[in-house]
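Trainee: My questions all concern the structure below.
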Amino acid sequence: MPVRASVQGSKKGFSLPQVPKILVYIVGFIPAVWMFYAGITDQLGADPMRALEQALGLWAFRFLIATLAITPLRQLFSVNLLRYRRALGLLAFYYALLHLVTYMVLDQGLDWAAIGADIVKRPYITIGMATFVILLPLALTSTNAAIRRMGGQAWARLHRLVYVAALGAALHFILVVKSWPPEPLIYAAIVAVLLGYRLVRSLGRRAEPRRRPA
Amino acid sequence: MLIRHPADILPSEITPREVYLSRRQWMAGAAGLALTAALPKELGAAPLSAAKSSFSVDEKLTSREDVTSYNNYYEFGVDKADPAKNAGTLKTSPWTVTIDGLVGKPQQVGLDDLLKSSALEERVYRMRCVEGWSMVIPWIGIPLADLIKRVEPLGSAKYVAFETANRPDEMPGLRSVFPVLDWPYREGLRLDEALHPLTILAVGLYGETLPNQNGAPIRLVVPWKYGFKGIKSITRISFVEKQPVTAWNKQAPNEYGFYANVNPNVDHPRWSQATERRIGEGGLFVKRRPTLMFNGYAEQVAGLYSGMDLRKLY
């Protein structure tokens, strides 16, 4: 897959300096480390647990969006960041995991009855949990070995679940707030654009062969 | 019960004489405020003195820093830190409150005149937000009942409706393209709730006039109800016959009832109300504490709701 991408990238001569992938992970984890440090040193304001919980969730969503932005960037602007996509996707997963652990341990104090009731009774938590469950197999099959074992097509089909995860994350964010403040709606709009782009493109492709004979 | 004395002692019977004179000090404080108005930090922070009230709870106070930096005041933004950042633009002096509707003495009254109805008291109250967190705040204010009695509501008045200042020029939230609420912010109480001795109009906290982000210059505090009932920066108090429209109830009637009594047994549709996080307690490792019926004021207020189905009338 990277072969085709780099060909497209070199066509317009738009090349970005390559950085080691490990740097993406290191930079990617800075917000988590900083938030946790700020939390234990009392720099997160009046409600530090909530601030940490929300920041981790938001960063998970941001990395998920970044992952979804790779393809349009390549196709529309010939900016090829494909080699970082796995790192971004895994960062989204790790942040979602930290977000979930914060909710279970710091927010709910491992009160399993309360957590269970939340999952069953609160749609935003049901959706959030489902989104995490969707991300789990994607993270587990993120290795080269998994791609080889599954075969490229089956792997790609499975990883289309990331679209569902993005919808879940957007809905989770909208449902957790009171009223309709702009921030979750802006994030939802970004997801809509990224997914809408793919939908339009795939519909266009399907329409093409029919047009040719006419 | 954490309340030191039950509710049947009238504040006026226990208020020391010097407190009756405290309004002068408040005025002096307001004058001092005018002089220091150029310093943004000092806005809304003139000293106030008030008598300790027997209605106070004996619990650890939430720090002034937390009380004044973690606010829901959507007129100034939806983030908890926004009001402290943005509310400085609200001009709180001069301030006039319109009292109208089914009332013997309708009037437009300046803040200082309004406070004449009784001496300032300090009330340490629990504050439980509908979002699941709580604080303990030393308010300074007057019983709403004292004001109500002074303006002589008619027999037909069954509810009291309140309105926040409606000033897009001074309130960025009111200029938003996507309004979060149907402005102006409105709240209401049944007349007997408004007359309850625990219900106060607050003008200060922590020994000083209210900071703007906490609802300066005058706001409602109803400690047994969720915080959103405590309407801020009040400009109108109307006496009406029918249950008035209230902001959050209008926005999402299935989530925010007119009564909005703190009730651990009736969940918000999107989250549980059984427990709460006390702000400033435990930091990152805060432990949830059980939410108390009527926020711990059941002994004083449960009688107001006898015979009512609080699951339906949440």
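Trainee: Scan region B:210-225 residue by residue and report those that are buried (at least 24 other Cβ atoms within 10 Å of the Cβ) and farther than 14 Å from B:A165 by Cα.
Mentor: The answer is B:L210, B:P211, B:V222, B:P223, B:W224, B:K225.
Trainee: Considering region B:275-314 alone, what residues qualify as being on the phi > 0 side of the Ramachandran plot and in a loop (DSSP other than H, G, I, E, B)?
Mentor: Result: B:G280, B:G282, B:G307.
Trainee: Got a sec? Which of B:T62, B:T15 is under 28 Å from B:L195 (Cα atoms), out of contact with any helix residue (DSSP H, G or I) (no Cβ under 9 Å at 6 or more places or on another chain) and modelled with pLDDT of 95 or more?
Mentor: B:T62
Trainee: Quick one: in region B:66-82, which of the residues that are among the aromatic types (F, W, Y) and not in a loop (DSSP other than H, G, I, E, B) is farthest from the other protein chains (Cβ to nearest Cβ)?
Mentor: B:F76
Trainee: Also, quick follow-up: Identify, from the list B:L114, B:L120, B:L90, the residue that is under 19 Å from the mean Cα position of the chain (by Cα) and closer than 28 Å to B:K242 by Cα.
Mentor: One residue alone meets the criteria, B:L114.
Trainee: For B:K312, work out the one condition from (1) surrounded by fewer than 16 Cβ atoms within 10 Å (Cβ to Cβ); (2) at pLDDT 95 or above it doesn't fulfil.
Mentor: Failed condition: (2).
Trainee: Among the residues of region B:61-101, count how many are over 16 Å from B:L210 (Cβ atoms) and without any contact (Cβ under 8 Å) to a residue 12 or more places away in the chain.
Mentor: Residues that pass the stated criteria total 4.
Trainee: Within 14 Å of another protein chain (Cβ to nearest Cβ) and part of a helix (DSSP H, G or I) - does that describe any residue in region A:198-213?
Mentor: No, region A:198-213 has no match at all.
Trainee: Also, quick follow-up: Give region A:137-180 a look and list any residue that's exposed (fewer than 13 other Cβ atoms within 10 Å of the Cβ) and either hydrophobic (A, V, I, L, M, F, W, C) or within 14 Å of another protein chain (Cβ to nearest Cβ) (or both), or say none.
Mentor: A:L140, A:A145, A:A154, A:A156
Trainee: Here is a further query. Would you confirm whether any residue within region B:227-238 is within 13 Å of chain A (Cβ to nearest Cβ) and on the phi < 0 side of the Ramachandran plot? Give the steps one after another, and end with the answer.
Mentor: Applying the first criterion (within 13 Å of chain A (Cβ to nearest Cβ)) to region B:227-238 yields B:227-228.
Then keep just the ones that are on the phi < 0 side of the Ramachandran plot; that gives B:227-228.
Yes, some residue in region B:227-238 is within 13 Å of chain A (Cβ to nearest Cβ) and on the phi < 0 side of the Ramachandran plot.
Trainee: While we're on this one: Where in region B:156-210 are there strands (runs of 3 or more DSSP E), lying wholly inside it, with at least 1 residues that are of a type in the set (A, V, I, L, M, F, W, C) and closer than 23 Å to A:K178 by Cα?
Mentor: B:159-164, B:186-190
Trainee: Scan (1) surrounded by 21 or more Cβ atoms within 10 Å (Cβ to Cβ); (2) of a type outside the set (D, E); (3) out of contact with any strand residue (DSSP E or B) (no Cβ under 7 Å at 6 or more places or on another chain) for the single condition B:S93 breaks and write down its number.
Mentor: Just one mismatch for B:S93, condition (1).
Trainee: Just a yes or no: is a residue in region B:130-149 more than 15 Å from the chain's Cα centre (by Cα) and surrounded by fewer than 18 Cβ atoms within 10 Å (Cβ to Cβ)?
Mentor: For region B:130-149, residues more than 15 Å from the chain's Cα centre (by Cα) and surrounded by fewer than 18 Cβ atoms within 10 Å (Cβ to Cβ): present.
Trainee: Taking region B:184-196 as the search range and keeping residues that are buried (at least 20 other Cβ atoms within 10 Å of the Cβ) and in contact with a helix residue (DSSP H, G or I) (Cβ under 7 Å, 6 or more places away or on another chain), which one is nearest to the other protein chains (Cβ to nearest Cβ)?
Mentor: Among them, the one singled out is B:Y185.
Trainee: Out of region B:247-276, which residues are under 20 Å from the mean Cα position of the chain (by Cα), over 24 Å from B:G188 (Cβ atoms) and at the interface with chain A (Cβ under 10 Å from one of its Cβ atoms)?
Mentor: none
Trainee: Further question: Do you know which residues across region B:211-226 are among the hydrophobic types (A, V, I, L, M, F, W, C) and assigned to a strand (DSSP E or B)?
Mentor: Across region B:211-226, the qualifying residues are B:L220, B:V221.
Trainee: I want to confirm something. Restricting to region A:22-42 and keeping residues that are farther than 26 Å from A:V162 by Cα and surrounded by fewer than 13 Cβ atoms within 10 Å (Cβ to Cβ), which single residue is farthest from the other protein chains (Cβ to nearest Cβ)?
Mentor: Within region A:22-42, the match that is farthest from the other protein chains (Cβ to nearest Cβ) is A:W34.
Trainee: Right, another one. Go through region B:262-274 residue by residue and tally those that are in a loop (DSSP other than H, G, I, E, B) and either touching a residue at least 60 places away in the same chain (Cβ under 8 Å) or loosely packed, with under 14 Cβ neighbours inside 10 Å (or both).
Mentor: 5
Trainee: Those residues that are within 7 Å of another protein chain (Cβ to nearest Cβ) and farther than 19 Å from A:I125 by Cβ, I need them from region A:43-63; list them, please.
Mentor: A:G45, A:A46, A:P48
The values are calculated or read from the model by the stated rules, or taken from the named source; none is laboratory data. Since we're looking at a predicted model, the values are computed, not measured. Cβ atoms come from the backbone with ideal geometry, glycine included; neighbour counts cover every protein chain shown.
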